[in-house]
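Student: The structure's right below; bear with me while I get my questions together.
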Amino acid sequence: QVQLVESGGGLVQPGGSLRLSCVGSGNIVRIYAMGWYRQAPGKQRELVAGITSIGRTKYLDSVKGRFTISRDRAKNTVYLQMNSLKPEDTAVYYCNTDPADPRYWGQGTQVTVSS
C-alpha cells in the first residue's frame, strides 16, 4: 500500500522559515508529478506548489518567491522550503500526486504562523 508521510511542521513567528518533508513508499515520489497542498480552517484544500516528473515547478501566486518545492529521488522525498512565512500560511500541509489521488492523502503536518 502506497503511503505518503509528511513532517516538519510547527509553530513559527511571522517572517520565519520551515522545511516540510514528504516521504513516500513505493516509487510514487520518484515517478509521478507531486504537489504540496494545504487546508486552512473553514477553507478548501488548495495546491500550493507542484513539481513535474522532469522538475518543472509551479506555485500558488501568494507563495511565489517565498516557497520552493524540490524532490530527492534517492530518498523518495519531496520537500517544501517555506520562507518569509505569514499568518495566512497557517494550515495543515499535505503532499500528494498532482493532480491529487484521493487514495494517497496522509495525516498532513500542521504549520502555524503566529507571534
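Student: Considering only protein heavy atoms and a 1.4 Å probe, what is the carbon-and-sulfur percentage of the accessible area of the range 66-115?
Tutor: Of all accessible area on the range 66-115, carbon and sulfur atoms account for 47 percent.
Student: Turning to a different aspect of this structure: Counting pairs of Cα atoms in the range 74-114, how many percent are more than 16 Å apart?
Tutor: Looking at the range 74-114, the distances longer than 16 Å represent 49 percent of pairs.
Student: Determine ³J(HN,Hα), in whole Hz, for all residues of the range 59-74 in sequence, where each value follows from phi through the Karplus function 6.51 cos²θ - 1.76 cosθ + 1.60 and θ = phi - 60°; x replaces Gly and Pro.
Tutor: 9, 4, 3, 6, 10, 4, x, 10, 10, 9, 9, 8, 9, 10, 5, 4
Student: Okay, moving on. Tell me what the chain gives for mean residue ellipticity at 222 nm when only DSSP H runs of n ≥ 4 count, each as -39,500 (n - 2.57), the sum divided by the residue total, rounded to 500 deg cm²/dmol.
Tutor: -500 deg cm²/dmol
Student: Over the chain, what is the mean sequence separation of C-alpha contacts under 8 Å (at least six apart), divided by residue count, expressed as relative contact order in percent?
Tutor: Once normalised by length, the contact order is 37 percent.
Student: By DSSP, what percent of the beta bridges with both residues in the chain are antiparallel, rounded to the nearest 5?
Tutor: 90
Student: What is the extension gain from Q44 to R19, computed as 0.36 nm multiplied by their sequence separation minus the C-alpha to C-alpha distance, in nm to one decimal?
Tutor: 6.7 nm is the gain from fully extending Q44 to R19.
Student: Then there is this: Arrange the peptides 45-51, 96-102 so that the one whose residues have, on average, the most other Cβ atoms within 10 Å appears first.
Tutor: With the highest mean Cβ count within 10 Å placed first, the list reads 45-51, 96-102.
Student: Let me ask you something else. Ignoring ligands, DNA and RNA, what accessible area per residue does the range 1-99 give at 1.4 Å, in Å²?
Tutor: 52
The values are calculated or read from the model by the stated rules, or taken from the named source; none is laboratory data. On a predicted model such as this, the values are computed, not experimentally measured, just so you know. Here the Cβ is made from the backbone with ideal geometry for all residues, glycine too, and neighbour counts use every protein chain on show. With ligands, DNA and RNA removed, areas are computed over all heavy atoms of the protein, side chains included. Shrake-Rupley method; radii C 1.70, N 1.55, O 1.52, S 1.80 Å.
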